[in-house]
Each structure stands twice: as C-alpha cells, then as structure tokens.
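*Asks:* Submitted below is the structure of interest, expressed as structure tokens.
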Amino acid sequence: MTGGSDSTRSDGSDPLRADCARCFGLCCVALPFAASSDFAVDKPAGKPCAHLASDFGCGIHTDLREKGFTGCTVFDCFGAGQKVAQVTFGGRDWRENPGASRQMFDVFPVMRGLHELLRYLTEALTLPAARPLYGELRHSLDGVERLTRGTADSLTDLDVPTLRDEVSALLLRASELVRAKIPGRRNHRGADLIGARLAGTDLRGANLRGARLVGADLKGADLRLADVIGVDFRGADLSGADLRGCLFLTEPQLTAARGDAATRLPASLTRPSHWSPDATAAPTRSQKQRRPRARRKP
C-alpha cells in the first residue's frame, strides 16, 4: 500500500501500534480517570498515575486487572504516544521539560484520535471490495498523516470531531461495499443492546457501528464481515463467536470482552491473555433462534 502512513517502518515496526518504550507514559499522565469498576482510584488529567515508574513504565503492568485497573488494559493509543514524544516534541520528555508538559498532555488525545482514524483507513485499504474507493481512502489517509506531523499548536487547534465525521462517512461507504454481498444483513447502528441475548445469532454483514453491547450474550454468534467500528463490547461474551473478517475490529474491543479458545478471530488480531482457555459448547437450536430483546434507538 502506498500513502503517508505505511503499514510498517523500515525497521519492521508498526507505527499504528503502541511502542511504550518510545513514549513517556503519556496515557498515564495526560488522561483522567474516575474510581469505578475500571479504575481503582480517581486521577485528574495532567497528574501522573501513582504507579508510573521513573523510567515511564507501569509498576503494576502485570497485575493491572488484579489491582483494579482494568481500564488501563483496554486502552490503546494506536501509536500516538510515540508520535507525540518523538515527532511532535522531538524526544523531549515532560519531566525534564515541565514548561512543555501542559501542551504535550493536550496534544496527546488529539493525536490519539488521528491515529485511530489512520488505523481504520489503513484497514479499509486492504479490503478488495473497497477497491473503487482506494483513491479517496489514500487521499484521506495522506491528509490525516500530514496533520499528525504538524506543530503542537496546529494539533491543539484541530477540529477532530468534524474530521472524524468526514472520515467516518468514507469508511461507511467502504464498509457497505464489503457487506453488500451478505443478504438480509441487519442494521443495529447505534443500538442499545446492553445485556442483549444474542447467542447463536446470525449477524453476518450487520451494521453494528456505535452499538452498545455491554454484557451482551454473543456466544456462538456469527459476526463475520460485521462492521463493529466504535462498538462497546465491555463484558460481552464472545465465547465461540466467529469474528473472522469483522470490519474495523480492534484489540482493545477484544480485551474489553470475554471469549475463549473457540472464538474465531481475524488473523491480524491477538487473542487476549485473560480469555478462558476452554472452548464452549456449540449453541443450541433455540439459542440460534433468539433475537435481540434490548431496545434499539432510531
């Protein structure tokens, strides 16, 4: 693929994958979190987490879930951290340059939003059915990549929501080309499916963009070629589900969910280490016939 955001660098690394060794623990400082089921304590934006080590590593990285910091395990900056640290601020860290710290912390979430868009655009350019849109997708990817290489001032002035809407519309067109071959595909875009019983449901080619599937039962569900951009899978049971070919699925979404050895994943994604190693039984006939019972928003 050509374009501004090459899938790999000359050293073989992926610029859209977090490289914490080249960052300054920005996600552990810049972002706020509130005491909840995801975080054990409150932390305001701009204040270092109490577990941030002197080398910018996490002092409880291997025990985050056990210590009550599940929210940290499902966060992904998509490579924004090292871009801010090494490109925008030229390798200057916030501890040695306190005068630049506030701006660095303000730039980080902006860069994270841009890198997430790059992640989706890069995937769209691998979809054969979206070939008619490759020109527009490359143009959009190049434009977003140029923005990521702007100054700190230009980044903080960006209207990211408007840019996201523009890119999202293009990604949806690509998604529709891919999913067009699936007959009877469902539209659950933005649906409230919290706790829905969807075990064994045929969701092939479904539009699930922005759907809330928190705690949903998706055991044995068929999600092949479903568009899951922005889907909230927290606590959803994906045991035995088929997610091969899922569009715009990310590892943070998988990490937020539950699954097992029988969950089928796209080859590009890694099975979360906390998932159950046991495969669940195949869904029963009655499970396959269940339909969503949660209310769907218009």
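The values are calculated or read from the model by the stated rules, or taken from the named source; none is laboratory data. None of the values given here were measured: they were computed from a predicted structure. Because the Cβ atoms are built from the backbone with ideal geometry, glycine has one as well, and the counts that use them run over all protein chains shown. Accessible surface areas use protein heavy atoms only, side chains included; no ligands, DNA or RNA. Shrake-Rupley method; radii C 1.70, N 1.55, O 1.52, S 1.80 Å.
*Asks:* Can you tell which of Ala40, Ala34, Ala30, Ala53 is touching a Gly at 6+ places or on another chain (Cβ under 8 Å), among the small types (Gly, Ala, Ser) and under 20 Å from Arg234 (Cβ atoms)? Lay out the reasoning, then the answer.
*Replies:* Values: Ala34 fails: touching a Gly at 6+ places or on another chain (Cβ under 8 Å); Ala30 fails: under 20 Å from Arg234 (Cβ atoms); Ala53 fails: under 20 Å from Arg234 (Cβ atoms).
Every option except Ala40 fails the conditions.
*Asks:* Can I ask one more? Is the range 108-121 home to any residue that is out of contact with any Asp or Glu (no Cβ under 7 Å at 6 or more places or on another chain), open to solvent by less than 20 Å² (accessible area, probe 1.4 Å) and of a type in the set (Val, Ile, Thr)? Full working, then the answer.
*Replies:* Narrowing the range 108-121 to residues out of contact with any Asp or Glu (no Cβ under 7 Å at 6 or more places or on another chain): 108-117, 119-121.
Those still in the list that are open to solvent by less than 20 Å² (accessible area, probe 1.4 Å) too: 108, 111, 113-115, 117, 120-121.
Now restrict to residues that are of a type in the set (Val, Ile, Thr): none.
No: zero hits.
*Asks:* Hey, can you tell me all the residues within the range 163-200 that are out of contact with any Asp or Glu (no Cβ under 7 Å at 6 or more places or on another chain), open to solvent by less than 60 Å² (accessible area, probe 1.4 Å), more than 16 Å from Cys246 (Cβ to Cβ) and not in a loop (DSSP other than H, G, I, E, B)?
*Replies:* Answer for the range 163-200, where residues must be out of contact with any Asp or Glu (no Cβ under 7 Å at 6 or more places or on another chain), open to solvent by less than 60 Å² (accessible area, probe 1.4 Å), more than 16 Å from Cys246 (Cβ to Cβ) and not in a loop (DSSP other than H, G, I, E, B): Leu163, Val167, Ser168, Ala169, Asp192.
*Asks:* A follow-up question, please. Applying the selection to the range 11-24, what residues are under 20 Å from Leu114 (Cβ atoms) and not in a helix (DSSP H, G or I)? Working first, answer last.
*Replies:* Of the residues in the range 11-24, the ones under 20 Å from Leu114 (Cβ atoms) are 13-20, 22-24.
Of everything in the range 11-24, those that are under 20 Å from Leu114 (Cβ atoms) and not in a helix (DSSP H, G or I) turn out to be Ser13, Asp14, Pro15, Leu16, Arg17, Ala18, Asp19, Cys23, Phe24.
*Asks:* What are the residues in the range 225-236 that are on the phi < 0 side of the Ramachandran plot and either surrounded by fewer than 20 Cβ atoms within 10 Å (Cβ to Cβ) or in contact with a His (Cβ under 6 Å, 6 or more places away or on another chain) (or both), if any?
*Replies:* Here is the first cut: in the range 225-236, the ones on the phi < 0 side of the Ramachandran plot are 226-229, 231-234, 236.
Answer for the range 225-236, where residues must be on the phi < 0 side of the Ramachandran plot and either surrounded by fewer than 20 Cβ atoms within 10 Å (Cβ to Cβ) or in contact with a His (Cβ under 6 Å, 6 or more places away or on another chain) (or both): just Asp232.
*Asks:* Can you pull out the residues in the range 61-92 that are open to solvent by less than 30 Å² (accessible area, probe 1.4 Å), aliphatic (A, V, I, L, M) and assigned to a loop (DSSP other than H, G, I, E, B)?
*Replies:* Leu64
*Asks:* So in the range 237-256, with the set limited to residues that are assigned to a loop (DSSP other than H, G, I, E, B) and closer than 27 Å to Arg173 by Cβ, which one is most open to solvent (accessible area, probe 1.4 Å)? So that I can check it myself, show each step before the final result.
*Replies:* Let us first name the residues in the range 237-256 that are assigned to a loop (DSSP other than H, G, I, E, B), namely 238-241, 243-246, 248-250.
With the extra rule that they be closer than 27 Å to Arg173 by Cβ, the set shrinks to 241, 243-246, 248-250.
On the way: Ala241: 0, Leu243: 0, Arg244: 107, Gly245: 34, Cys246: 10, Phe248: 0, Leu249: 4, Thr250: 8 Å².
So, considering only residues that are assigned to a loop (DSSP other than H, G, I, E, B) and closer than 27 Å to Arg173 by Cβ, the one most open to solvent (accessible area, probe 1.4 Å) is Arg244.
*Asks:* Right, something else. Among the residues of the range 196-230 satisfying the criterion of being within 23 Å of Val74 (Cα to Cα) and of a type in the set (Lys, Arg), which is nearest to the chain's Cα centre (by Cα)?
*Replies:* This residue is Arg209.
*Asks:* Moving on to the next point. Conditions first: (1) modelled with pLDDT of 95 or more; (2) in contact with a His (Cβ under 9 Å, 6 or more places away or on another chain). Lys67 passes all but one, so which condition is the exception?
*Replies:* Evaluating Lys67 over (1) modelled with pLDDT of 95 or more; (2) in contact with a His (Cβ under 9 Å, 6 or more places away or on another chain) leaves (1) as the failure.
*Asks:* Of everything in the range 1-33 that's more than 26 Å from Ala130 (Cβ to Cβ), more than 19 Å from the chain's Cα centre (by Cα) and open to solvent by 60 Å² or more (accessible area, probe 1.4 Å), which residue is modelled with the lowest pLDDT?
*Replies:* Ser10
*Asks:* Hey, can you tell me all the residues within the range 72-110 that are under 15 Å from Ser154 (Cβ atoms) and either in contact with a Phe, Trp or Tyr (Cβ under 9 Å, 6 or more places away or on another chain) or β-branched (Val, Ile, Thr) (or both)?
*Replies:* Val84, Val87, Thr88, Phe89, Gln103, Met104, Val107, Val110
*Asks:* Let me ask something else. Within the range 55-74, identify whether any single residue is among the β-branched types (Val, Ile, Thr) and closer than 21 Å to Asp106 by Cβ, and answer yes or no. If you could, list the steps in order and put the result at the bottom.
*Replies:* Within the range 55-74, the subset among the β-branched types (Val, Ile, Thr) is 60, 62, 70, 73-74.
Filter once more, keeping what is closer than 21 Å to Asp106 by Cβ: none.
No: zero hits.
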